[in-house]
Amino acid sequence: MPFTLPAYTSPDFISETCRDAPNALFTPAPQDFVAPDNYHATTIFPEYYKIDGHWRIIADSRMDCVAVLENGNLTAKEFRHVKRGDSVAVGRRDDGSEGILVYPNGFAKDAQTEESFAFRLRRSRETAFSVDYDFLYELLAYERTHGFIVWVAGPALSFDADSRNAFAHLADCGYVGALLAGNALITHDLEGAYLGTALGQDIYTQSPRPNGHYHHIDTLNRVRLHGSIDKFMQAEGIHDGITHACARNGIPMVLTGSIRDDGPLPEVLADVYRGQDAMRAQLSRATTVITLATALHTIASGNITPSYRVTESGTVRPVYFYTVDISEFATNKLADRGSLSARSIITNIQDFLVHLQHNLKA
């Protein structure tokens, strides 16, 4: 049976609450970076605003922004992008009664019997994820043609030869739309291609090399000598790994820096807000997001990414968000931050990628 997206059921706008609701109230921002009193903070869920008697969905929401009406269009703006005079939605009731409706349950779910008591309701290291893998294979095969898959990855992805090869294979086969990461992932991936190590350990045997603790710094230094990642790969004959796979397939990489970075690589965005904007530019296209062993980037991406996408035809579809980590704490942390639509798979990410490589069609 071919993969199909779940149907979306729109809110009941003819209900008494929605029918009798006033238009949403928009108030000018008093100054740059400041929202008016009683502003409405957006969520990751579909949101509707009653404007001129009609309910309109905000197409690209995200958590903890404000809804701004500009030239007849609704947009979600971060507070740092708010300008004086921007027309900002106000109202703290989101049940429709004030012209603002947050709608978290629009996607149909299979009916299940709800037991008053049951074991193993939470996902843990004891959970079998076979059904999750089967669904993910079907989803990614669908998204390769009909969607945009964004990967968010930590440096552990580059520590193993097989996971580097598996990700490169997925990129070559069209399963990667964009890669979001920090300085470390690409540094260690280039180290693996250049010196055969990651943080000084052989990427296959995991055995340390003499003076291996210099390897990532040597790699950074060499990249900066050449002036860019692309020039480094050309000059040094780099032709394998994650970075080269993204380059040869024209896959955008957004690299955001942190205080602990070495170097960093020339392409790393040192301004955290520029980095957030660049991440959002890719995540605003995402229909599936997969995060791999990176707690901070995962939480950041989860906060930026809505749980839905409005297609060009005007239909609403879900955005699938997977967080993959060996740590239950890391996978549960995203739900604690409010991204309740995330699905977790608790496993070693190297094994996870090899599973995908073996089960997805080229």
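The values are calculated or read from the model by the stated rules, or taken from the named source; none is laboratory data. Keep in mind the model is a prediction, meaning the values are calculated, not measured. Please note: Cβ atoms are built from the backbone with ideal geometry, for glycine as well, and neighbour counts cover all protein chains shown. For accessibility, only protein heavy atoms count, side chains too; no ligands or nucleic acids. Shrake-Rupley method; radii C 1.70, N 1.55, O 1.52, S 1.80 Å.
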Item to check | Largest-first principal axis extents, alpha carbons of the stretch 140-296, Å | outcome: 47, 33, 30
Checklist entry - Longest exposed-loop-site-free stretch of the chain, with trypsin sites (Lys or Arg not before Pro), DSSP loop and at most 11 other Cβ within 10 Å? => result 126-259
Next on the checklist: Heavy atoms of the protein only, probe of 1.4 Å, neighbouring chains included. What is the accessible area of Thr305 in Å², nearest 10?
Outcome noted: 10
Checklist entry - So which GluC sites (Glu not before Pro) in the stretch 255-362 are both in a DSSP loop and have at most 16 other Cβ atoms within 10 Å of their Cβ? => result Glu267, Glu312
Checklist entry - Tell me, what % of the accessible area of the chain is carbon and sulfur with a 1.4 angstrom probe? => result 50
Checklist entry - How high is the relative contact order of the chain, in percent, counting Cα pairs under 8 Å that sit 6 or more residues apart? => result 17
Checklist entry - Relative contact order for the stretch 7-56 using alpha-carbon pairs under 8 Å, separation at least 6, rounded to a whole percent? => result 36
Item to check | Longest segment of the chain lacking chymotrypsin sites (Phe, Trp or Tyr not before Pro) that sit in a DSSP loop with at most 15 other Cβ atoms within 10 Å | outcome: 205-362
Checklist entry - Looking at the square roots a ≥ b ≥ c of the eigenvalues of the Cα gyration tensor of the stretch 1-96, which shape do they give, rounded for a/c under 1.5, prolate if a/b is larger than b/c, or oblate? => result oblate
Next on the checklist: Explain nothing, just compute: Karplus ³J(HN,Hα) = 6.51 cos²θ - 1.76 cosθ + 1.60, θ = phi - 60°, for every residue of the stretch 237-244 in order, whole Hz, x for Gly and Pro.
Outcome noted: x, 7, 9, 9, x, 5, 5, 5
Checklist outcome for this item: DSSP beta bridges in the stretch 197-351: the antiparallel percent, rounded to 5, is 40
Next on the checklist: Can you tell me the orientation of helix 349-359 relative to the chain, as the angle in degrees between its alpha-carbon axis and the longest Cα principal axis, to the nearest 10?
Outcome noted: 80
Checklist entry - To the nearest 10 degrees, how steeply does helix 130-146 sit against the main Cα axis of the chain, on a 0 to 90 scale? => result 80
Item to check | Dipole in debye (nearest 20) - the chain, about Cα centre, beta carbon charges: Lys, Arg +1; Asp, Glu -1 | outcome: 320
Item to check | Partners for Lys231 among aspartates and glutamates (Cα-Cα distance below 20 Å; same-chain residues under 8 apart left out) | outcome: Asp189, Glu191, Asp218, Asp240, Asp262, Glu267
Checklist entry - For the chain, what is the accessible area per residue in Å², given a 1.4 Å probe and the full set of protein chains? => result 50
